[in-house]
Amino acid sequence: VEKEGLFYPPDPASRGSCFIGGNLAECSGGPRAVKYGVTKDYVLGVEAVCADGTVIRHGGKLLKNVTGYNLTQTLIGSEGTLAVITKVFLKLIPLPPYRLTMLALFPSLESSARAVPAVMNSGVIPSALEFIEGEAIAITSRHLGREIPQSEAELLIELDGDREQRVNEGAEIVCEQAMSLGAEDVLLADSAQKQQELWDMRRAIGEAVKSLSIYKEEDTVVPRSNFVPLVLGVKEIAARHGVTTVCYGHAGDGNLHVNILKMDLPDEVWNRDLDKTIEEIFSLTISLGGTISGEHGIGYSQKKFLPLAFSPEEIELMKRIKDAFDPKGILNPGKIFP
Ligand SMILES: Cc1cc2nc3c(=O)[nH]c(=O)nc-3n(C[C@H](O)[C@H](O)[C@H](O)COP(=O)(O)OP(=O)(O)OC[C@H]3O[C@@H](n4cnc5c(N)ncnc54)[C@H](O)[C@@H]3O)c2cc1C
């Protein structure tokens, strides 16, 4: 991080401490999870303070540990509702020296979505495989005031590794796969600056889309073999309800962020139909073997939909876990459970 001139936290006085608590509590994912996994895959142990002040420790500098229940992983992704994490033991891996980024342009949502499982089954594991629908590209291009190659749908694909030649060979395989599935073009970002421009564009999408309208963002996730029916099904549901959706996400993980935009819908129609639309999208997600949040968590705004994902018995069991850690319900009260 220091080598690239980026520091987090930016204030030099705070360096050495790091605000990772939220990432642990949300089990954050992001674009590189497709190859490297999510936060939980790197957490070997924690120290945490329970609601009554008891300090608990579990795990540590251990790659193996089956002693008792896995309290570490119970806390990771618990959205701050069980205990306050005060120390963490993380597995670290070296940063791969070679990286290659591509933008594959497709003539339709369907062809781009079909390319996702095909790329993943090609024997090459990309370090990122991001899906962006054309509307999101157009909005981001206007938002940034920058030319971005336009098409109906695009895949941002990144490969990395220890050997340049292997990365290039992998890129050839991925290009062939994309072209054989109907890609109009595959653009190669062959310099660090061009790679950065593509990632800057990807990172700007959320803000650009959300600047357009009142919105509600969903964080659907399905087995990636079901990415095609998810994308097409979301569009069908949105069309039936007369709402605009703009989708993008970590396709390699089967994780699709669906932004439902109010645009110029009258308030009463938006207020009446929004939950029904979300419920249908979530029901579709679950019927495809997925669930209602891949990386954003449940918090306050999604808790009413939790019964779509779990049986009453499962929710009760989770509530009993919450009660065991926090009997007075003082840690992030009101979150997760309806
Ligand atoms: C617009 C938007 C886009 C996002 N995009 C992504 C994405 O692409 N990928 C992804 O994985 N996630 C994404 N997220 C969710 C993301 O995982 C979390 O918002 C973020 O990682 C939390 O980090 P933070 O430092 O902002 O935590 P905060 O927002 O400060 O806290 C998040 C939660 O963690 C709790 N918490 C904080 N510290 C601790 C601690 N020490 N112990 C216990 N609980 C604690 C807080 O009480 C809070 O409930 C997105 C969120 C938003 C709002």
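Yes/no matrix, rows are residues, columns are (1) open to solvent by 30 Å² or more (accessible area, probe 1.4 Å); (2) touching a residue at least 24 places away in the same chain (Cβ under 8 Å); (3) charged (D, E, K, R):
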position: HIS143; (1), (2), (3): yes, yes, no
position: ASP160; (1), (2), (3): no, yes, yes
position: ASN168; (1), (2), (3): yes, yes, no
position: SER191; (1), (2), (3): yes, no, no
position: LEU198; (1), (2), (3): no, yes, no
position: ARG202; (1), (2), (3): no, yes, yes
Quick check on segment 290-308: of everything there that is outside any helix (DSSP H, G or I) and either free of Cβ contacts under 8 Å to residues at least 60 places away in the same chain or of a type in the set (S, T, N, Q) (or both), which residue is most open to solvent (accessible area, probe 1.4 Å)? TYR300
Please find, within segment 9-35, the residue that is nearest to ALA251 (Cα to Cα) out of those that are away from the ligand (no atom under 11 Å from the Cβ) and modelled with pLDDT under 95. PRO10
Looking at GLU135, GLU79, can you tell me which residue is farther than 30 Å from ALA48 by Cα, among the charged types (D, E, K, R) and modelled with pLDDT of 95 or more? GLU135
Out of the residues in segment 234-273 that are of a type in the set (A, V, I, L, M) and more than 24 Å from the chain's Cα centre (by Cα), state the one that is nearest to the ligand (Cβ to nearest atom). MET263
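Only one residue in SER287, SER311 is open to solvent by 60 Å² or more (accessible area, probe 1.4 Å), within 30 Å of GLY37 (Cα to Cα), free of Cβ contacts under 8 Å to residues at least 12 places away in the same chain and of a type in the set (S, T, N, Q). Which one? Quick ask: steps written out before the conclusion?
Values: SER311 fails: open to solvent by 60 Å² or more (accessible area, probe 1.4 Å).
SER287 is the lone residue from the list that is open to solvent by 60 Å² or more (accessible area, probe 1.4 Å), within 30 Å of GLY37 (Cα to Cα), free of Cβ contacts under 8 Å to residues at least 12 places away in the same chain and of a type in the set (S, T, N, Q).
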Looking at (1) in a helix (DSSP H, G or I); (2) open to solvent by 20 Å² or more (accessible area, probe 1.4 Å); (3) closer than 28 Å to GLU280 by Cβ, which is the one condition that is false for LYS216? (1)
Helices (runs of 4 or more DSSP H) contained entirely in segment 90-198, each with at least 2 residues that are over 23 Å from the mean Cα position of the chain (by Cα): 164-180
Which numbered condition TYR69 misses (of (1) over 22 Å from the mean Cα position of the chain (by Cα); (2) under 24 Å from GLU26 (Cβ atoms); (3) surrounded by 13 or more Cβ atoms within 10 Å (Cβ to Cβ)): (3)
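Does VAL38 qualify as being within 13 Å of the ligand (Cβ to nearest atom), of a type in the set (A, V, I, L, M, F, W, C) and open to solvent by 60 Å² or more (accessible area, probe 1.4 Å)? Lay out the reasoning, then the answer.
Numbers: within 13 Å of the ligand (Cβ to nearest atom): yes; of a type in the set (A, V, I, L, M, F, W, C): yes; open to solvent by 60 Å² or more (accessible area, probe 1.4 Å): no.
Criteria not met by VAL38.
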Among the listed residues GLY252, GLY242, which satisfies the condition of being touching a Leu at 6+ places or on another chain (Cβ under 7 Å) and not hydrophobic (A, V, I, L, M, F, W, C)? GLY252
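The values are calculated or read from the model by the stated rules, or taken from the named source; none is laboratory data. Note that the structure is a prediction, hence the values are computed from the model and not measured. As a convention, Cβ positions derive from the backbone with ideal geometry for all residues, glycine included, and neighbour counts pool all protein chains shown. SASA here: full protein model, heavy atoms, side chains in, ligands and nucleic acids out. Shrake-Rupley method; radii C 1.70, N 1.55, O 1.52, S 1.80 Å.
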